[in-house]
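Every number in this text was worked out from the coordinates using simple rules, so none of it is lab data. None of the values given here were measured: they were computed from a predicted structure. A quick note on method: Cβ atoms are made from the backbone with ideal geometry, for glycine too, and the neighbour counts reach across all protein chains shown.
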Amino acid sequence: MFYREAGQFKTTYQADQAVFPILQDRIGLALILLGAFALIPLMASDFFISVIMIPFLILALATMGLNILTGYTGLLSLGTGGFMGVGAFACYKLTTLYPGINIVVWILVSGFFSTALGIVFGLPSLRIKGFYLTVATLAAQFFLDWSFIRVQWLTNYNTSGAIEVPTRTLFSMPVTGPNATPQFRYLVILSIVTLLTWFASNLVHGRIGRMWMAVRDMDLAAELIGIPLYRTKLLAFAISSYYCGVAGALMVFFWYGSAEPGVFNIDQSFTILFMVIIGGLGSLTGSFFGAALIYGLPIVLKIVLHGVGINILPATVEHVTFMSVGALIVLVLIIEPLGLARLWQITKQKLRVWPFPY
Amino acid sequence: MRMKATILAGTVIVATAMTGSVLPAAAQDSIYVPLFTYRTGPFSGSGIYIAEGMHDYLEMLNQRDGGIGGVKIAIEECETGYDTKKGLECYESVKDKKPVVVNPWSTGITLPLIPRASVDKIPVLSMAYGLSASAVGDTFPWIFNPPATYWDGASMILSYIGSKEGGLDKLKGKTIGYIYLDAGFGKEPIPFFEQVSKDYGFNLKLYPVAATDMQNQSSQWLNVRRDRPDYMVMYGWGALQPTAVKEAAKINFPMDKFISIWWPSEDDAAAAGDAGKGFKSLNWHAVGANFPALQDIKKFVTDKNLTQTDKSHPGKVLYNRGVYNSMLIAEGIRNAQKLTGKKVVTGEDVRRGLETLNVDEARLKEIGLGGFTGPVKLSCADHNGHFATFMQEWDGTKWAKIGGDIKPMADKVNPLLAAAAKDYTDKNGNWPKRTEACDKAS
Amino acid sequence: MDLAYKILIDPFMQMGSAPDLLVQTLWEGLVSGVLYSLIALGFVLIFKASGVFNFAQGIMVVFAALTLVGLHQAGLPAFVALALTIGVMFGLAFLVERLMLRPLVNQPDIILFMATFGLTYFLIGFGELVFGGNPKKMIASELYLPSGAIDIKMFGGFVSLQKIDIAAAVIVSLMVLSLALFFQKTRIGRALRAVADSHKAALSVGISLEQIWVVVWFAAGIVALVTGIMWGARSEVSFSLQVIALKALPVLILGGFTSIPGAIVGGLIIGIGEKIGEFYWGPLLGSGIESWLAYVIALFFLLFRPQGLFGEKIIERI
């Protein structure tokens, strides 16, 4: 009814190939951005921003990173946590060594350190495939995890082996550390995530994205039509690790405020992978859906269960939350194995033809 | 397809609606004390006892005395699973309800809270864990970690070893092994051990155990067999401890030379059966339930089924540790009430209350914990107290106190603490100077 | 030069000078290897028959052991509890097939993998809800598992063999033997192998996939129970046991996902390799290298055999 494309004629190839060819989509996106940039910081509570929105955006960024590797290029990786850690530790070292340079610059630069390591651990990807490739990424995960604990230089010889985020400013307002307001942190993260999403969207819709998808669908065939396999795979590793690295740096600097190496453990890698799968392999929108569902669901469930009865003990709530999350994951997969992104597409399709489905 | 979409959409709407509406507001006429607990997760073996002890003591005050100073305590547990992410979520969710104090019960959760405490005006009570340097009250006015730091603990273990050997100078040429959880908590004592190993000329051997390998320690203990240390010191938690005790028994390590910091529970020591006899750990409070306060817990809480505590748990070492923790909270609140004359106190008030905390023998007797533990007195400069502890030994069925009080080596620990506090503020750039006024002890 | 000595010569000198410790290290590696193989075996059984990479194997280990101990604590005699636990594992297999696998039939591998993660979450919550989160002592002596150790004097030192470890080795060998017999000699076993070869072909000759899946999940449940008893007797039964399941990943990858002998050989290589590496070379790097050494060993083998040691050769066609 509202979602009609009748009357929208495309007169150029450019218009026809646009990422959002329908006017309503563009309006919707503008509304979402407006809401995210203006409404949420003005209206939402601190709790909502710092417990739900900030983690959601950061995890969505990491999910997007892994989606480039696993969803678009078809290389299964379980090293996400490690690559996120590289970003975080690199950012910490850089900002303590050169405190004069703005933290946002360092956050964006720290991703390149992850890129370098991502390429190194991506090297075996030509020879080893499928589930077997996970061993290379797992080696990365466990080796990096171990290095964060063992190499004390990384934490500036902190006695607890943890990194403590110093206060840094942007436009002479504190943006990290305890005095930074959630709203300001949120806006900085949102800007970075929006920028990187826009970049990723252009990548996957362009030549490089098509190369990745060709490799994913069948790498031998891709090679035969002249796609350099090795370069394409390594490029996917590089860009994916960059996104994960930036997400890791954001996570420690804008969310946790301090981190033990343990936060970059294998669980982190699994969590991100599940966000990719639930959200939808090979979909950037899906990355956001997946992050929202896997991260948000336990919190929402916990609050709901708290709301239902006063007599339920918190430990029981935790147990029930675990059970419900597990059951819901299976349920979502049964309803739509291709992930939430596919569900979203179906919904859109239905809206287009409503109320006269054919 | 349509039905599926409807179901999904419905779920989302209901969930969102409920998120907005709930989160019970703390009533104005009560004091809100959130308890961060972990009854789930890999460390729940230790966490359950502590959660039970903390909850039951406060609940007992509510039932018996109607709270503290006539004001009910609003107790709310938040489950962290010993996970930093969930811990921060707990903190954010309780922050707006004006808690008077938080107990993170995990070093990983304590660290991010340290800089936030002064901003949010919520004192952090990290009882004998967390950052050792936070004992320096002038630098960390909002953090309290009585009754002893991990460095104090290490120094007390060392002086105990010294007393066994007939003097610390006899340690020369001996080997001491240190097995620890390879995380912030276990790594913290290393600078101290390295320092004293130079001072006294003993060899230090480190055996880190990764959190993923807690139940798989055979290589660490093989190394122990090769290095033949004269003593083993352990800083463990959760499943690390019973496994270590079993492995030590397996290689026939003399149990009476195996000494742990204050965290092993009865279950941990009992893991190796009779072979575990002689295993030692530090402690600063009694075990058993033969104290009026613990009897009151039984009478007012456990017997009335106002708790989920297992009937066999009160009196166990970690349960009593939880009781001790809640005793500090309660006394801090009471002290704050006395200082300010207010009934319903705030986080700022409780910070002052904790800072001037003075629980002497008479007071301990009054609250039904006479002989349970030593007196606690904190000051503005010293948020820890560095109190003496004693050694307890596993006799096969229970922990038994052996020997008298062991005092920490203040001359070794204090310079390290001051240096660590300075290091912390240096690295954090513009760490805020203490602006909170210092109260006279009441 | 000094470093080269420390890496290349010193460890072997140590092996030579204290052969009893070398034997002990090998033994410890062997025992860990056997236990890793056990977990890997559970994975392989399910992967072979249904193509599912069962992430939930780790929590099944915990769940089985908890059920056993929990039932015993509820007052049942040990062997009744054991029988009931086997029943529970059958029930679990049945429910998994009915509620999870059947609706997801013919989906890509990664989706099924994800579903088993959902199962993991569910079992964590369910297990803690029913049995509580506190660690429990395995009822080893009630099940007539031996305790104590045999000390063998050799090379001027001693080697200490835990009786429970010997028992573990024996039980695992028996299990593998009986599984092999089951696969080779019984009707269901033949059907299992047929399903492993091709789902569609198996279906067309009238093999019931549903039945086969229940059988393999049940078998994996039994393997999980045995794993739980053995690991539980070595330390304790608690939820932190599930992280040990991660150790099975390099074993699986090394041995190949579809090979039972692969799981055994892979487990032994990883177990012995990581103990030797940790014991002799670990101190050079500040120890704890065990956590990633297993993966590096597996990676090394994979560079030469990309399908694992015993995996089926990967043939790619366009």
- Note on the structure: Nearest-0.05 FRET efficiency for A:Ala6 and A:Gln345 at R0 = 25 Å, using Cβ-Cβ distance, is 0.80
- Query: So what's the angle, to the nearest 10 degrees on a 0 to 90 scale, between helix B:2-21 and the longest Cα principal axis of chain B?
  - Reply: 90
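Quick one: which of A:34-41, B:313-320 comes out on top by average Cβ neighbours within 10 Å, and what's the full order, highest first?
Going from most to least packed, we get B:313-320, A:34-41.
Most exposed first by the Cβ proxy, i.e. fewest other Cβ within 10 Å, how do B:Leu111, A:Leu343 rank?
Numbers: B:Leu111 26, A:Leu343 20.
Exposure proxy ranking, most exposed first: A:Leu343, B:Leu111.
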- Item | 5 angstrom amide H check on B:Cys78, placed H, neighbours 5+ away | B:Leu35, B:Phe36, B:Thr37
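Would you mind ranking C:Val61, C:Val172, C:Val105 by Cβ crowding within 10 Å, fewest neighbours first?
Working: C:Val61 30, C:Val172 23, C:Val105 12.
Lowest to highest Cβ neighbour count: C:Val105, C:Val172, C:Val61.
Using the crude model of +1 on Lys and Arg Cβ and -1 on Asp and Glu Cβ, and no other charge, please compute the dipole size for the protein assembly as shown relative to its Cα centre, in debye to 20. Write down the numbers at each step before the final one.
Working: 89 positive and 80 negative charges, 382 e Å.
Using Cβ point charges on Lys, Arg, Asp and Glu, the protein assembly as shown gives about 1840 debye.
What average count of beta carbons from other chains do you get within 10 Å of the Cβ of residues in B:179-192?
Working: counts 0, 0, 1, 9, 7, 12, 3, 2, 10, 5, 1, 3, 2, 1.
Counting Cβ atoms of other protein chains within 10 Å of each residue's Cβ and averaging gives 4.
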- Could you pull out every one of the aspartates and glutamates with an alpha carbon less than 20 Å from that of B:Lys174, ignoring same-chain neighbours closer than 8 positions? B:Glu165, B:Glu194, B:Asp199, B:Asp227, B:Asp230, B:Asp256
- Message: I'd like the Karplus ³J(HN,Hα) series for the range B:95-108: coefficients 6.51, -1.76, 1.60, θ = phi - 60°, whole numbers in Hz, and an x wherever there's a Gly or Pro.
- Response: 4, 6, 8, 6, x, 8, 6, 10, 10, x, 6, 6, 4, x
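Shape call for chain A from the C-alpha gyration tensor, a ≥ b ≥ c root eigenvalues: rounded (a/c under 1.5), prolate (a/b greater than b/c) or oblate? Walk me through the numbers before you get to the answer.
Numbers: a/c = 1.42, a/b = 1.15, b/c = 1.23.
Cα axes put chain A in the rounded bin.
Taking the range B:132-174, which chymotrypsin sites (Phe, Trp or Tyr not before Pro) meet the DSSP loop condition and have no more than 12 other C-beta atoms within 10 Å? Intermediate values should be presented prior to the final figure.
Details: sites: B:Trp142, B:Phe144, B:Tyr150, B:Trp151, B:Tyr160; in loops: B:Trp142.
Nothing satisfies the criteria.
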- A student applying the Cα gyration tensor rule (rounded when a/c is under 1.5; otherwise prolate if a/b is larger than b/c, oblate if not) would label chain C oblate
- Task: Rounded to the nearest Å, what's the spacing between the alpha carbon centres of the range C:290-318 and the range A:187-214? Just the number, please.
- Result: 33
- Say the dipole of chain C comes from +1 at the beta carbon of Lys and Arg and -1 at that of Asp and Glu; which of C:Ser32, C:Met230, C:Thr258 then lies farthest toward its positive end? C:Thr258
- Over the range B:358-425, what is the mean sequence separation of C-alpha contacts under 8 Å (at least six apart), divided by residue count, expressed as relative contact order in percent? 19
- If one computes the Cα centroid of the range B:197-253 and of the range A:58-101, what distance in Å separates the two points? 35
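Relative contact order for chain C using alpha-carbon pairs under 8 Å, separation at least 6, rounded to a whole percent? Intermediate values should be presented prior to the final figure.
Numbers: 438 pairs, mean separation 106.7, N = 318.
Once normalised by length, the contact order is 34 percent.
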- Task: Give the residue from A:Ile192, A:Gly177, A:Trp153 lying farthest towards the positive end of the charge dipole for chain A; charges sit on Cβ (+1 for Lys and Arg, -1 for Asp and Glu) and the dipole is referred to the Cα centre.
- Result: A:Ile192
- Item | Net dipole in debye of the range B:261-313 [+1 Lys, Arg Cβ; -1 Asp, Glu Cβ; about Cα centre; nearest 20] | 180
- Query: Taking neighbour counts of Cβ atoms within 10 Å as a proxy for exposure, in what order, fewest first, do B:Ile297, C:Ile229 appear?
  - Reply: C:Ile229, B:Ile297
- Message: Going by Cα centres, the range C:66-96 and the range C:210-286 are how many Å apart?
- Response: 22
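Please give me, ordered by residue number, the chymotrypsin sites (Phe, Trp or Tyr not before Pro) of the range C:118-175 that lie in loop per DSSP and have at most 12 other Cβ atoms within 10 Å. Write out the running numbers ahead of the final one.
Details: sites: C:Tyr121, C:Phe122, C:Phe126, C:Phe131, C:Tyr144, C:Phe155, C:Phe158; in loops: C:Tyr144, C:Phe155.
Answer in residue order: C:Tyr144.
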- What are the trypsin sites (Lys or Arg not before Pro) within the range C:214-318 that DSSP puts in a loop, where the Cβ has at most 14 other Cβ atoms within 10 Å? C:Lys313, C:Arg317
- Message: I want the local charge near B:Thr389. Using Cβ-Cβ distances under 15 Å, sum +1 for each Lys or Arg and -1 for each Asp or Glu among the other residues.
- Response: +1
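Determine the calculated [θ] at 222 nm for the protein assembly as shown from helices alone, applying -39500 (n - 2.57) to every DSSP H run no shorter than 4 residues and normalising by the residue count; nearest 500 deg cm²/dmol. If you can, show how the numbers build up before the last one.
Numbers: 42 runs with 618 residues, N = 1118.
Counting only the DSSP helices, I get -18000 deg cm²/dmol.
On a 30 Å Cα-Cα criterion, which of the cross-link pairs B:Lys246/C:Lys6; A:Lys348/C:Lys200; B:Lys338/B:Lys422; A:Lys348/B:Lys95; B:Lys121/B:Lys205; B:Lys95/B:Lys422 come out too long? Provide the component values of the computation, followed by the final result.
On the way: B:Lys246/C:Lys6 32 Å; A:Lys348/C:Lys200 35 Å; B:Lys338/B:Lys422 33 Å; A:Lys348/B:Lys95 40 Å; B:Lys121/B:Lys205 42 Å; B:Lys95/B:Lys422 28 Å.
Going by Cα-Cα distance, B:Lys246/C:Lys6; A:Lys348/C:Lys200; B:Lys338/B:Lys422; A:Lys348/B:Lys95; B:Lys121/B:Lys205 fall outside the 30 Å limit.
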- Query: Placing +1 at every Lys and Arg Cβ and -1 at every Asp and Glu Cβ, with all other atoms neutral, what dipole size does the range C:48-160 have around its Cα centre, in debye to the nearest 20?
  - Reply: 60
- Message: Helix B:150-165 against the longest principal axis of chain B: what's the angle in degrees, Cα atoms only, rounded to the nearest 10?
- Response: 30
- Item | Phi to ³J(HN,Hα) by Karplus 6.51 cos²θ - 1.76 cosθ + 1.60 over the range A:237-243, Hz, x for Gly, Pro | 4, 5, 6, 4, 5, 4, 4
- Gain in length, B:Asp411 to B:Ala381, computed as 0.36 nm per residue apart minus the alpha-carbon separation, to one decimal in nm? 9.1 nm
- Item | For residues of B:201-210, the mean tally of beta carbons on other chains within 10 Å | 3
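So which DSSP H runs in chain C come out at 27 Å plus along the axis (Cα) with average Kyte-Doolittle of at least -1.0?
Qualifying helices, which must be both long enough and hydrophobic enough, are C:19-50, C:109-131, C:163-185, C:209-234.
What range in chain A is the longest one free of trypsin sites (Lys or Arg not before Pro) that are in a loop by DSSP and have at most 15 other Cβ atoms within 10 angstrom? Numbers along the way, then the final one.
Working: sites that count: A:Arg4, A:Lys10, A:Arg127.
That gives A:128-358 as the longest site-free run.
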